[in-house]
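Data block below; observations after.
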């Protein structure tokens, strides 16, 4: 949602002769982005525009309905804090996009990409005057390419999605216990031995940086240290804080291996490595992680404990700060500013560091209060499968903030974090999108833009635009369902399993690891929890309908609730009845969940009947209904849950 | 279908502890392929097998239910004619795959990848003894990456599909009027100026060759000359046979630009270029195209005509043969054998050349009769959107062949050809698969394996396996339909458009160019014809049902025909009735086709009613029905057709 927009009543028709005129500052990114805009419109409309007829980036420079005007080219590699504002005016006669910089043009073109509408009479832009600028300077998406490897095409299509929703920082989490994912020429053993051969070459990194810069997006690398370091010490066990050997970690969790901050060889290796990375990544910010060192190796090493005492470092936190000071010195020599997670905050942390808050708003406030620039990710953990609304409501600086104006200024922005325990290239888009668009709006739009219902309405449209941009959050699901159902994948069984999957959600937070403890990095992600969306639209609409029924007896909402429960009951019954005709996974995994869905739906329907008959339930029925709800709330080995349980419980309560 | 297979009654259960033992010759391709097999099975079953627990390619070498035994490693780069045979035995106790070479092991593993079955009780392999070997040595898929650019991920996933159906030659069509798609270091202008920047780097080519070799697939490059040469002469107009300048061709068809065979500079450039390519591509065969020179530039150039007279070349064909002799000499110096399309056949063509027949069986017979090795592609033009059955019945050496035994021996095999006028990376898989699996079987299995009904039954299963292997022939369609319908893409309208799209087919052969003359290389491929499959399963089943009804009055077939017609009528009516709620393309493109589908379905239903009532139609109704059929058979600007028209006409005829 733009910062300011007016919508006069008019339309600008878009037909096959549409052309763009580009004036002002010369930056090859502008015609390239204009070409992408028109290509996207071509695919949507089926029309062939004249823009590429004479070669790439050939634009009509005489009369054109769309005019782009840019005052000055932005820096070739986007920088934190550059002007991203733009003004877009559309009337019945034409459209003008004006911006002080290239970045503003790119943001305006992202708006235009979304803005083309059509109805049965044709294609058009609605007349508007948009004056737009971001609320926060740092609007990021972190992708963990370590726990599950994510190759370059995943990164590129997600950069396209980021550009569409105006995110401007791609944070690549490049090292982890489970994989060291970047080629290094100075310390080649790191990727060679720590990655199963799955890592970005430096040429690919340059390709990613160029692709991002083309879209006005910075690329900030993270090399997690001193903890989360198993993959580092596979090649260099002598740099760990306990004797090796080490192998790549396949499980999930917090592990012991941590670099030895008392060993000068550690810094010698990091000096070479970080120097090389500082040259490879042009962004002035470099993320060194710093999270979740469990301290076991340091506690268990008497030499390290002696070092702490001898250097007056007090404790492990002091040793971590000592390590960070060394790293900060290395980075400073290479012209980089240090970014790290919450745990780097310590009285000895240099003040030019940036604290990336993952544990809570308190950490953000503490860091800002102590003078550090900060980035918020707590509340934006998209891997935890929370609803978009939760992320949307998570304001880095809420209206009731206690931060001073100066402290607020230090809040650079936020980042959605796509941790990769439970995503592979087939499913990752469905965990990132469309929910991350809600986070993008929180970071771009004014605080006052916070209508959750309207957010969901627009999220469905943005979700379609993201599909058009190449994201696969919806595209892969039908095939995943066919694979799950097995040959011959009868369409009726696939349809019923589709209804089931649309109704359920993966379990939240870190519950999946507990419910599927046998799953490792080497396991397939092709189960019910992987097919399901993080947030069920059907369940959300059902919950809203139940609330409306209970609040006002709304008949339309009652009908929607009844239809939904009926479709769940029928699909669940169909699966149970026909499982013998499908493959093993329907019987083994879908039937127990479908059985629960049937039970819950029947309880819901009976409660609804009773409610609408203005009666109360018998105590026997209530006991049975509550037992059903308790039973179906139990953890499932499929690591899925039924997100309509609370709403059905409300119906049951209402007839008590 | 294997050459020989027996199926005793037993099953080998496959559970989470499945392991593979590899014995015999050492070739890293074998554990790599075994890993791919187990990964594919993991994704299908959801189980985590132990094979990767200790790193890639870690196999249990003691007791294992699956044993692979290989006598000798194949050459690192597959060669024409290498042994590809294998024997696969499965009993209730275990499975053994034996092969004389690596290639045989790879083919056997492709069989095993497909063979894992499941029912509600679990996963298993059926007991079998398969003794298998290919009928033909050259079993190819040609991909045109020029008319529409196809990046490396398209190639890689199609190599995965080829491996699954045991194709062994990837023929890359790398130069065309519309694009020069390979980096050259000796003549860099060719790709720089002839490709819009869309071409394979040599590093990518090496990656493709390695990926193919890993799967036992050869890579044969084609550089089309002297015709189809527009993109060559963009950079080198002086080497064309008429004055330039030239620009990359955007339209489809046969164009005039042809290299000048009388210019020594042409050979100097080709010597450099082909020498470089000969070193890049390890396969001993190199395809030089040679098709469709329309002769206009040669006819119009008096110097060239004088050259023909002076050198006693007789005519343009003689000049073409003169050119080919020069090229053959260049190739011979670089250790390559020349392959070219039909038109290279000429009394002066060196006998070590290979003739690739695209125009007809006569060309194949003529070339084989004159002593040339031959490859068949006529009948395997998958871009023409013919049914799989047509390709399946197209035997390179049919039972009634007139070729002598020696001539038959010269028929190396065949190639499916994916010409790329009407495919982009989103749609190409849907044109290649699953129909190419039918061609693969024709080239692998004995001539006597030719039951079309059984082929279609198995094709549906192979289609699912191809999806699992990463092909997107089905995966992209729902998103294409949502894009076509437009926001908000109401599910009911998408479903109705889906039924419409499942009922129709793109027009055949080259009709689309005539029906959509405005479409060029720069046009989007997102219309009805792009969403539709080349062959409609629904229409095929309907045609079969009509035939059964007319032959025997079969009640079940009658019911299927009625249900199908009813669903078409209902979906078409729904689209017409609700178009105002959808985007412009539904009104503009889908409604006319839906209207026709409704008319045809109603005629079919009425005819079926009359037939089943054992009555005859009135002459007025007959006239109206025939007018409807004639009307709906007319060319549509959507370049789609209704593949059930003839079957409905049969029903109408039956009540005459």
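The values are calculated or read from the model by the stated rules, or taken from the named source; none is laboratory data. In this text, all values refer to a predicted model and were calculated from it rather than measured experimentally. Methodologically, a virtual Cβ is constructed for each residue, glycine included, from the backbone with ideal geometry; neighbour enumeration extends over all protein chains shown.
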Checklist entry - Does residue B:562 fit the bill of being more than 14 Å from chain A (Cβ to nearest Cβ), closer than 30 Å to residue B:527 by Cα and touching a residue at least 40 places away in the same chain (Cβ under 8 Å)? => result yes
Checklist entry - Got at least one residue in the stretch B:122-131 being surrounded by fewer than 24 Cβ atoms within 10 Å (Cβ to Cβ) and at pLDDT below 95? => result yes
Item to check | Selection from the stretch A:486-528 of residues that are out of contact with any helix residue (DSSP H, G or I) (no Cβ under 6 Å at 6 or more places or on another chain), away from every other protein chain (no Cβ under 12 Å) and not in a loop (DSSP other than H, G, I, E, B) | outcome: A:492, A:505, A:511, A:512, A:513, A:514, A:515
Item to check | Per-region count, the stretch B:264-317, residues assigned to a loop (DSSP other than H, G, I, E, B), surrounded by fewer than 18 Cβ atoms within 10 Å (Cβ to Cβ) and free of Cβ contacts under 8 Å to residues at least 40 places away in the same chain | outcome: 5
Checklist entry - Can you spot a residue in the stretch A:610-625 that is surrounded by fewer than 18 Cβ atoms within 10 Å (Cβ to Cβ) and closer than 30 Å to residue A:526 by Cβ? => result no
Next on the checklist: Suppose we filter the stretch A:381-395 for residues that are within 13 Å of residue A:448 (Cα to Cα) and buried (at least 16 other Cβ atoms within 10 Å of the Cβ); how many remain?
Outcome noted: 3
Checklist entry - Are there any helices (runs of 4 or more DSSP H) wholly within the stretch A:180-237 with 1 or more residues that are modelled with pLDDT of 95 or more and more than 29 Å from residue A:137 (Cα to Cα), and if so which? => result A:189-194, A:230-235
Checklist entry - In the stretch B:566-614, how many residues are within 14 Å of chain A (Cβ to nearest Cβ), closer than 21 Å to residue B:636 by Cβ and more than 32 Å from the chain's Cα centre (by Cα)? => result 9
Item to check | Among residues of the stretch B:1-29, those that are within 30 Å of residue A:522 (Cβ to Cβ) and over 27 Å from the mean Cα position of the chain (by Cα), counted | outcome: 18
Checklist entry - With respect to residue A:656, is the statement that it is without any contact (Cβ under 8 Å) to a residue 60 or more places away in the chain and at positive phi true? => result no
Checklist entry - Only one of A:97, A:112, A:88 is away from chain B (no Cβ under 14 Å), part of a helix (DSSP H, G or I) and over 30 Å from residue B:178 (Cα atoms); which? => result A:112
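Yes/no per residue for (1) assigned to a helix (DSSP H, G or I); (2) surrounded by 15 or more Cβ atoms within 10 Å (Cβ to Cβ):
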residue: B:533; (1), (2): no, yes
residue: B:539; (1), (2): yes, yes
residue: B:542; (1), (2): yes, yes
residue: B:551; (1), (2): yes, no
residue: B:559; (1), (2): yes, no
residue: B:571; (1), (2): yes, yes
residue: B:576; (1), (2): yes, yes
Checklist entry - In the set B:48, B:96, B:111, B:62, which member is farther than 30 Å from residue B:281 by Cα, modelled with pLDDT of 95 or more, surrounded by fewer than 21 Cβ atoms within 10 Å (Cβ to Cβ) and outside the structural domain of residue B:461 (by TED's automatic domain parsing)? => result B:96
Checklist entry - What's the number of the condition residue A:593 fails, among (1) outside any helix (DSSP H, G or I); (2) in contact with a strand residue (DSSP E or B) (Cβ under 8 Å, 6 or more places away or on another chain)? => result (1)
Checklist entry - Regarding residue B:71, is this residue more than 14 Å from chain A (Cβ to nearest Cβ), within 22 Å of residue B:167 (Cβ to Cβ), at pLDDT 95 or above and surrounded by fewer than 19 Cβ atoms within 10 Å (Cβ to Cβ)? => result no
Checklist entry - Does the stretch A:244-263 contain at least one residue that is part of a helix (DSSP H, G or I) and within 22 Å of residue A:305 (Cβ to Cβ)? => result no
Item to check | Residues within the stretch A:464-485 that are in a helix (DSSP H, G or I), closer than 23 Å to residue A:153 by Cβ and facing another protein chain (nearest Cβ under 10 Å), tallied | outcome: 10
Checklist outcome for this item: Of the listed residues (A:420, A:440), the one being part of a loop (DSSP other than H, G, I, E, B), at pLDDT 95 or above and within 13 Å of the chain's Cα centre (by Cα) is A:420
Checklist outcome for this item: Given (1) surrounded by fewer than 19 Cβ atoms within 10 Å (Cβ to Cβ); (2) in contact (Cβ under 8 Å) with a residue 60 or more places away in the chain, residue B:145 misses just (1)
